[in-house]
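Okay, so here's the structure we're looking at.
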Amino acid sequence: MWLLIGIILADFAGCAAFGQRGPRAQKIAACRELSRQGVSAMQLGQWQRAEMLLQQAIEASPDDPEARRAMAETLWQRGAATEAMSHLAAAIRARPTDATLSVRAGEMALAMSDRDAALAQAEQAIRLDPQLATAWALRGRVFWQLQQPDRALADLGRALEFAPASTDVLLDLAVIYRDRGQPARCLTTLHHLHDTYPPGDQPQSVLVLEGLALLDLGRPHQACDAFLAASERGPANAQVLYYLARAQYTAGRPTEATAAAQQALAIDPSHQASRQLLAQLAAHTQAAEPQRR
């Protein structure tokens, strides 16, 4: 989102036509100033004010692509997806050679499950700018949703060539590798992803995926460390605590596993997987009792 806002700010020179005179020049100047204020409001999270200002900018200069792009993001933020895509389509008509506009339109379409439209926008963006990482990444995500993992991996890999430190692309690749039953490739990709963050700043989702890959590889003790770190990152999460409990159970730590599963149920009493794991742990404890006597 903030990258898009940065692009919008950088492109506001397109609103200005310094060589013109008269009413049209005044309207373009007004559009530029209102758009600048609107994007500033977006950066401050003042979405209602941003929408008002950007609407005024569009009224001053209806064909301005940057005002339309910013309005699309504002409307998308409040859930008005159809209106947002309409403004983005207007921005594309005004600036048909801007590949980043096609990418954003494709991302919105994919979020609305319109894979055909998303694929068309991705391919248009690639034609316009074959070195645009986000265009290849978008097409890769579309192929993944279309259950074409080989093509998805190829496109995401191409995206990584142009943006080696893209956290989103690295995470997508790791998820696909694990879903394809390639936990070692998943883990290698996650190690590259770790390197893109400052120490201790890895998101909870990355640590969870690392723990799952380690479990897949039969390394439960290391998985425990990953899930424990994940449980301490971000808000309390029943699913993360369940994964921790499962890893501890697999690592032969029933007491710790029981405590983690109970914590998961304290957060979400309806978490069925944790309840089932507690039943397994209770049965394990009962089976072990006669051996101790």
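Observations on the model:
- If you go through segment 167-214 and pick out every residue that is of a type in the set (Lys, Arg) and either touching a strand residue (DSSP E or B) at 6+ places or on another chain (Cβ under 6 Å) or over 18 Å from Arg141 (Cα atoms) (or both), you end up with 1.
- Residue count for segment 247-288 under the criterion of being assigned to a helix (DSSP H, G or I), of a type in the set (D, E, K, R) and either at pLDDT below 95 or crowded, with 17+ Cβ neighbours inside 10 Å (or both): the result is 1.
Table: residues versus (1) closer than 24 Å to Ala89 by Cα; (2) part of a helix (DSSP H, G or I); (3) in contact with a strand residue (DSSP E or B) (Cβ under 8 Å, 6 or more places away or on another chain).
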{"position": "Ala120", "(1), (2), (3)": "yes, yes, no"}
{"position": "Arg139", "(1), (2), (3)": "yes, yes, no"}
{"position": "Trp144", "(1), (2), (3)": "no, yes, no"}
{"position": "Gln147", "(1), (2), (3)": "no, no, no"}
{"position": "Leu153", "(1), (2), (3)": "no, yes, no"}
{"position": "Leu156", "(1), (2), (3)": "no, yes, no"}
{"position": "Ala165", "(1), (2), (3)": "no, no, no"}
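- Scope segment 59-99; condition of a type in the set (Val, Ile, Thr) and either within 27 Å of Ala25 (Cα to Cα) or not in a helix (DSSP H, G or I) (or both); matching residues: Thr74, Ile92, Thr97
- Residue match in segment 173-188 (condition: surrounded by fewer than 19 Cβ atoms within 10 Å (Cβ to Cβ), assigned to a helix (DSSP H, G or I) and either among the aromatic types (Phe, Trp, Tyr) or not assigned by TED's automatic domain parsing to the domain that holds Leu215 (or both)): no
- Count of segment 188-201 residues which are touching a residue at least 24 places away in the same chain (Cβ under 8 Å) and either closer than 28 Å to Thr255 by Cα or among the hydroxyl-bearing types (Ser, Thr, Tyr) (or both): 2
- Between Ala72, Ala118, Ala159, the distinction of being under 29 Å from Gly38 (Cβ atoms), in contact with a helix residue (DSSP H, G or I) (Cβ under 9 Å, 6 or more places away or on another chain) and at pLDDT 95 or above belongs to Ala118 only.
- Residue selected from segment 189-220 under the condition in a helix (DSSP H, G or I) and small (Gly, Ala, Ser), by the criterion nearest to Ala238 (Cα to Cα): Ser205
- Residue match in segment 217-226 (condition: loosely packed, with under 15 Cβ neighbours inside 10 Å, in contact (Cβ under 8 Å) with a residue 24 or more places away in the chain and within 30 Å of Thr285 (Cβ to Cβ)): yes
- Residue pairs whose Cβ atoms lie under 9 Å apart, sitting 6 or more positions apart in sequence or on different chains, and linking a residue in segment 24-50 that is closer than 10 Å to Ala60 by Cα to a partner that is of a type in the set (A, V, I, L, M) and outside any helix (DSSP H, G or I), are Arg24/Ala17; Ile28/Ala16; Ile28/Ala17; Ala29/Ala16; Ala29/Ala17; Cys31/Ala16; Arg32/Ala16.
Each row is one residue, and each column tells you yes or no for (1) more than 27 Å from Ile176 (Cα to Cα); (2) in contact (Cβ under 8 Å) with a residue 24 or more places away in the chain; (3) in contact with a Lys or Arg (Cβ under 9 Å, 6 or more places away or on another chain).
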| residue | (1), (2), (3) |
| --- | --- |
| Ala80 | yes, no, no |
| Leu88 | yes, no, yes |
| Leu101 | no, yes, yes |
| Glu107 | no, yes, yes |
| Ala122 | no, no, yes |
| Gln131 | no, yes, no |
| Gly140 | no, yes, yes |
| Trp144 | no, yes, yes |
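The values are calculated or read from the model by the stated rules, or taken from the named source; none is laboratory data. Computed from a predicted model, the values in this text were never measured in an experiment. Ideal geometry is used to build each Cβ from the backbone, glycine not excepted, and the neighbour counts take in all protein chains shown.
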